[in-house]
Every structure is written in C-alpha cells, then in structure tokens.
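Written out below as structure tokens is the structure these notes cover.
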Amino acid sequence: MEVVSCCICGTTRFEERYWPINSGVLVRCRQCGLYYANPRKEEAIQEVITGQTAPELLAGKMINQQGRILEFKDQLGVIARYKKPPGKLLDVGCYEGFFLNEARHAAWSCTGVEPSRGGARFARETLGLDVREGILETSHFGAGAFDVVSMLAVLEHVPKPVETLTAVKRVLKRDGLLVISVPVIPSYLKLVRSRWRMFIGDHYFFFSDRAMQALLGKLGFRLLDKRYCVKYVDLETIVKRLNDPWQPYRLGPLGKLLKVINKTRLRKLRLKVNLFDCRMYVATPCDGD
Ligand SMILES: [Zn+2]
C-alpha cells in the first residue's frame, strides 16, 4: 500500500476517512473535495492491464454493445456543440476502440493510445484504427497536434492525473477541446457505501464538480460544459449483470421478476438510465496560460 497526497492540492492533512474500498481506503480532501484511495494499492492498474486476457476484457465490453454505442453518440453530439468535425481527435485510454470507431463515422480523424496490449491490438487489427500501445506521456505526439482529446472513464484509473492532463494539454491545440468522463460521488453514497458500482479495483479517484473545477483550473483549462452521462441498457443486460461475480447488489424479488422478463420479448426493452454518478466535462485551454 502506498500513502499519497491529494493530487489536486497536494495536501495530506485535511481529510476525512470513510471506509475500505477495493483500491485502498476512501478519503476526502477537505480543501478541494476530491475523494481518493489513500493509502492505495500501487499495482491496481497493472493488475487490470495484465491480469485479464483480451478476450475476457472484450467479452465484458460487448455485453451492452448497442447501449455503449448510443452513449458514444451522445458524447460525440456534445463535442460537436463546441467543435465540428473534420479535425483530429485523440482518445487517451481508448481500450478496444469502439468510441474511436463511432468518432470516425462522425468524420473525425482518429488516433488512440492504450496501455493494454489486447485492447490496442483489437483496435488496430479488427477495427483498423490508428492506436498506439502505451501511455500518452511516452507516446511522442507533436505539440498542438489535436483538436479534441477525449479521456472517457480513464482519469479515475491513472496514478497521476495531473501529469497525464499536463501531457494532454501539450498535444491539444490552443483552441482545442478536452473531453472527460469520470465517476462523481453520488448523493446516495452513504446508503450504498462500499457497494457503489464505481469502487472497482483500479479506480483511485472519485470527483465532484468542485474537485474537477479545481483540477482543470490548476492545469489552465476553462470548463465549457458539464452534464451527467446517461446509460442505455436493455433488461437482458441487467439480468446478465446480476450474474456477474463482482455484482454487489441483491435485488431479491425484483431480481426474480427480471429473470422472468428475460424469458420474454421484453428483454430487448432498452432503458435510458441516469445513475447520477458519472459526469462528462468539456474544457478548453485558457488564454494567457
Ligand atoms: Zn485536494
């Protein structure tokens, strides 16, 4: 276990202690409101990169494939409000490349960087995308090379978000867009406690609007947009998820009812769900920074 300070304001002293989570012990920074694991498991992200085979990880991503594509289209719609394609888009932590695949359909010129060998290989070989295996900090992209840099469900995994976002700013154009989605602490945290779905093994950071503003401000970004990420999920997927070994929820009679519904055509019914625990932020570099 590794003791860390708040990655945004550098303080260690002013924090509340909550309870153990999979990546360490949950604490809250009194200065900026960031929730993070401290002390934390040092190797958490490495476990994820090396511990699961590519087919296993991919199978997990494919469970709600149509729903994920709808979510990506929503996110591309938000990006297009601020910057219209064509242009160059870099997805940091693109994994298997399905977001880039949708971005390419929307006329963006797409590049990805991904530390997982299996994910990067799938993106290149199966989807034919330009994806480099590795992390952004050592990827040698040119300064100001991209119009848009996206980091979707990535920042909560990286050990040093400030360093990663500094590297993002370098490769982003002066009028470029930074697009982030991250878990945010929901109002119902104290009800679900350590069972919150975002407390999975390699998540180190859990944000709030205030903490995200502080992080973006520190790095010289101005926030343009913030909104909840909405999921699209069919009943069949919900039933499959209930069978996951890591699934912490016990739905009792509701779970049984879902299993009955799963045997009917209703299983294809797609729901639009807002769990109020994931936010999308759009920002741009500030003038004079
Ligand atoms: Zn802080």
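No value in this document is a laboratory result; all are computed from the given coordinates. Because the structure is a prediction, the values reported are computed rather than measured. FYI the Cβ positions are ideal-geometry reconstructions off the backbone, even for glycines, and counts take in every protein chain you see.
May I ask you to derive the FRET efficiency for GLU125 and ILE63 from their Cβ-Cβ distance with R0 = 30 Å, giving the value to the nearest 0.05?
The pair GLU125/ILE63 has a calculated efficiency of 0.85.
Label ALA145 and LYS240 with points 7 Å out from Cα along Cα→Cβ: what is the distance between them in nm?
My value for the distance between the label points is 3.5 nm.
Once you place label points 7 Å from the Cα toward the Cβ at PHE276 and ILE135, how far apart are they in nm?
3.5
At LYS218 and SER5, where each label point lies 7 Å from the Cα along Cα→Cβ, what is the point-to-point distance in nanometres?
A separation of 1.0 nm, rounded to one decimal place.
Show me 66-72, 137-143 ranked by packing, highest mean number of other Cβ atoms within 10 Å first.
The packing order, highest mean first, is 66-72, 137-143.
Could you work out [θ]222 nm for the chain from helices alone, using -39500 (n - 2.57) per DSSP H run of at least four and dividing by all its residues? Round to the nearest 500 deg cm²/dmol.
Values: 10 runs with 94 residues, N = 289.
Dividing the helical sum by the residues of the chain leaves -9500 deg cm²/dmol.
Multiply the residue gap between LYS190 and GLU43 by 0.36 nm, knock off their C-alpha separation, and tell me the result in nm, one decimal place.
Numbers: separation 147, 0.36 × 147 = 52.92 nm, distance 2.74 nm.
Answer, rounded to one decimal: 50.2 nm.
Compute a Gaussian network model of the chain, connecting alpha carbons closer than 10 Å, and tell me which residue from ALA59, ALA120, ALA37 fluctuates the most.
Comparing ALA59, ALA120, ALA37 in a Gaussian network model of the chain, the most mobile one is ALA59.
Report, in whole Å, the centroid distance computed from the Cα atoms of segment 132-167 and segment 198-234.
15
Less than 14 Å Cβ to Cβ from LYS268, Lys/Arg counted +1 and Asp/Glu -1: what total charge do the surrounding residues give? Walk me through the numbers on the way to the answer.
Working: positive: LYS240, LYS263, ARG265, ARG267, ARG270; negative: ASP234, GLU236.
Charge balance near LYS268 sits at +3.
Which length gain, in nm to one decimal place, applies between ARG197 and ARG117 when the Cα-Cα distance is subtracted from 0.36 nm times their residue separation?
Taking ARG197 through ARG117 to full extension adds about 26.2 nm, to one decimal.
Where is the GNM fluctuation largest for the chain (alpha-carbon springs, 10 angstrom cutoff): MET151, MET62, MET198?
MET62
Distance check, please: which entries in LYS160/LYS226; LYS41/LYS73; LYS83/LYS226; LYS41/LYS259; LYS41/LYS173; LYS231/LYS263 exceed 25 angstrom between their Cα atoms? Each step should come with its number before you reach the end.
Values: LYS160/LYS226 22 Å; LYS41/LYS73 34 Å; LYS83/LYS226 16 Å; LYS41/LYS259 37 Å; LYS41/LYS173 35 Å; LYS231/LYS263 23 Å.
Result: LYS41/LYS73; LYS41/LYS259; LYS41/LYS173 exceed 25 Å.
Which links in LYS88/LYS268; LYS169/LYS240; LYS190/LYS240 stretch past 29 Å when you go from one Cα to the other?
Values: LYS88/LYS268 36 Å; LYS169/LYS240 39 Å; LYS190/LYS240 26 Å.
Over 29 Å Cα-Cα: LYS88/LYS268; LYS169/LYS240.
Do you know the relative contact order of the chain, to the nearest whole percent, from alpha carbon pairs under 8 angstrom that are 6+ apart? Provide the component values of the computation, followed by the final result.
On the way: 534 pairs, mean separation 54.4, N = 289.
After rounding, I find 19 percent.
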